[in-house]
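This report concerns only the one structure given below.
Here, each number is a calculation from the coordinates, and none is a lab measurement. Please read these numbers as outputs of a predicted model, since none were measured by experiment. Cβ placement follows ideal geometry from the backbone for every residue including glycine, while neighbour counts extend to all protein chains displayed.
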Amino acid sequence: MARFDVASALFLPLSYHGDVPGVVTLVSERERHFSEAEGQLAYTLANQASAGLAALDMRRRLAARADRKAALARATAALNARLDRRAVLEALCREASLAVGADFTGVYLGDARAGAVGIAAHGIADDDAWFGNVIRGGERLAGRVLETGCPATSNDYHGEFGLPGLGQLDRVLRAISVPVRWGGALRGVLSVGFYSHGSVDDDDVETLQAVADLAGVACGNAEAYELAQRAARTDSLTGLLNHGAVQVRLGDEIARARRTGDPLACLLIDLDDFKPVNDAHGHLVGDRVLRRVADAVTSEFRTYDAIGRFGGDEFVMVLPGADAAAAQEIAARLRRAIATATGGADGPGIALTASVGSACWHEPLNTAELLDRADRALLVAKRRGKDCSVTATANVESELVQLEVDAGPVRFISELWDLVSQCERPRDVLDLLPFYLRRALEVEEIALYAPPQAPSGASLLERRSHARLPSDPAPPAFRARQLTLEGAHAPTLGTGAISRPLLGDLHAALGLEPDQLDSEAVAGSYAAVSLVRDGELHGILLMRSAALQFPLPTMRLAQLLAGQAVTALIGQTGGASRSAVGALAAAIDARDNYTHDHSEQVVWLALRTAKLLELPASEVERVRDGAMLHDVGKVAIPNEILYKPAALDEEEWAIMREHPVIGERILRRTPELVTIAPLVRHEHERWDGAGYPDGLAGPAIPIGSRIILACDAYNAMITARPYREPMSGGEAVAELERNAGSQFDPHVVAALLEVLGDGSAA
């Protein structure tokens, strides 16, 4: 006391609530004895001060309790509002800092055995060295909590633990760490730090633990939600993404590709002939094979690719940044990997091949349309013999359309070609198309927009025809007389049609100028079919359906029929003769199922016979095309005659005998097929002059017609018809020999018999 010049002192306690938080000291610089009265007075004053301090402390405690209650309420709302664990942890750090006034808050996730990692924090920069720091059990304050599972505090952090060299953590002078639990286990530690000296309040520890417990509940909920989400996204057999999750991911990647301009490809992988595996070995083996395939496919993709099981034995792969060439390369690797995984020594020993269809995204395709194009490319791969990969292009789509024609809706194609045969001008084919399609497809409205006949130099489309359901109460949706294309969107639709729920969305997808949108929206859904061939745009069909989503089968059928109409247009305006021949042959096959195989056989026989007769190469080509189209006039024969299951009567035969003339008329409207027209007209003339339609005889009949007649007759005789049994090959040959010189040219019969004699045509 001497150092303070104190000679005498009186010490009085400041006490309340059973504690002595302070002492009042009375000092004198001279030595003296404090009287009892002075002591009593001082004691009374000290008690008064204690009462005042007790009141202030009570207010502080009540305020702090209210603040803690408010902090806990706020933390409860913030933590329970999130179902993402990372978001919960970030909210925990923020709310813990607010609750106790900390300068720094961090969460470590882990346990004492493996250690815990700093994963979320508040009050430090995202690039601080603290993130990713690993602490072990017993290491620093948080390590004590990992080891004991109990809260721990420090009023002298540097004195106890030194400087860890971890950024902001080096500034901490006092700290609190509490355990974070969920699912019945210690999952981590919540630590708060203060950059100022002071003492740690037990209430702060209690508050912090309460916030940590709330966070534990929220983390448990987030983990359960994440597991449920993962289960909802994951195929239970293979562990890959499921059908729905792949579509969501593909939609996200399309949005990214649209934003960045980067390429994007989608692959559909289908195991060839997988059903026999299940049938022969059982579903357990089949499931094992699928898991092996999933592992093999997974080994071929990058971390940012997405792969899923699309259903059954079909898989899908989303390839950001991959163009057509890269997609084909990946498809080849996948096919090799699948073959190795299923047929290799360590596999199930069931060698399988795979077919792959790929499609590259471009405007204006959406998720469903991109998948549809990949699916159609896969269908072509299957039709080409399997164990191959095909990329969706306009040519591939044309190939598929032709396949659909061969096995497609006969009635619709037949009716369309009936319409074609009645058109006098080439443009009539397209102008009448909306009226036919509206009835055939049973949609509310179709409009054809086509380039003007006199080129304007601009990307201009004029409305050429417009068909509506007569009883449709809605106003017309396609009121614009002209549309202007902003970019080159339309030609890209050669790979397929598109649909959108709103007309404005469809216009935007087609690249139409926004000021051409109709102001009054008409309810329904919309689709567009681009009439494109060889990169040239012939028009766009806009369609409206009353359905909320445009029916995919309707859109496919519209695309098929529109493609046939474009083929007819090209043929009648002098387009490529091979396209015209193929289209007309498809029309014949569509009208009469009998003619498909029949025509192929007649073409083969006629081609061999013409070569054996040493005709010029150009004449051989004419004979081939004439043989393919010799029945083209049947497109105009009524169904009741064409499909009659019995022999025709005289009146019906009179109508049927018109088909060579009708065929000639159709071919003469196609400039590059004009030279074939005489062969078709005279295909039923007889060597003796008793044939039709002109009664030509002998050499006056074109040599090609004479060849086609003999080959057609032979094949007809050996083919079963509803009204008679087929002849044997020998009987048909005898019939040819018997009629040589009367019905048939003897030289042609001799050559045909030589062709038949090698046995390959029997």
Taking H as built 1.01 Å from N, whose amide H comes closer than 5 Å to the amide H of Thr353, not counting residues under 5 places away? Asp272
Spin-label point model (7 Å from Cα, Cβ direction): what's the Asp428 to Arg721 distance in nm? 3.2
Ordering of 283-296, 29-42 by burial proxy (mean other Cβ atoms within 10 Å per residue, highest first): 283-296, 29-42
Per-peptide average of other Cβ atoms within 10 Å, ordering 465-478, 321-334 highest first: 321-334, 465-478
Mind ranking 251-257, 649-655 by how tightly packed they are, going by the mean number of other C-beta atoms within 10 angstrom, highest first? 251-257, 649-655
3J(HN,Hα) from dihedral phi, region 540-554, Karplus parametrisation 6.51/-1.76/1.60, rounded to Hz, x for glycine, proline: 9, 9, 9, 10, 10, 10, 6, 5, 5, 10, 4, x, 4, x, 5
Shape category assigned to region 248-392 from the gyration tensor of Cα positions, a/c cut at 1.5: prolate
Quickly work out the Arg333-to-Arg291 label distance, labels modelled 7 Å from Cα along the C-beta direction, and quote it in nm with one decimal. 2.5
Spelling it out for Met727: with amide H atoms placed in the peptide plane at 1.01 Å from N, the residues 5 or more places away or on another chain with amide H under 5 Å from its amide H are Ile718, Thr719
Classified through the alpha carbon gyration tensor (a ≥ b ≥ c as square roots of its eigenvalues; rounded if a/c is under 1.5, else prolate when a/b is larger than b/c, else oblate), region 275-358 comes out prolate
With θ set to phi - 60° and the Karplus curve 6.51 cos²θ - 1.76 cosθ + 1.60, what are the ³J(HN,Hα) couplings of region 683-688 in order, to the nearest whole Hz, using x for Gly and Pro? 5, 9, 6, 9, 4, 8
Going by how many other beta carbons lie within 10 Å of each one, how would you line up Asp5, Asp505, Asp84, fewest first? Asp5, Asp84, Asp505
Once you list every other residue whose beta carbon is under 11 Å from the beta carbon of His158, what net charge do they have if Lys and Arg are +1 and Asp and Glu are -1? -1
Diffing region 318-331: the Karplus 3J(HN,Hα) column from phi (6.51, -1.76, 1.60, θ = phi - 60°), in whole Hz with x for Gly and Pro, holds 9, 10, x, x, 9, 8, 4, 5, 5, 4, 5, 5, 5, 4
What distance in nm separates the two pseudo spin-label positions at Ala690 and Thr298, each 7 Å out from Cα along the beta-carbon direction? 7.8
Region 82-231: proportion of alpha-carbon pairs further apart than 23 angstrom, %: 28
List the residues whose amide H sits under 5 Å from the amide H of Ile637, counting only those 5 or more places along or on another chain, with H placed 1.01 Å from N in the peptide plane. none
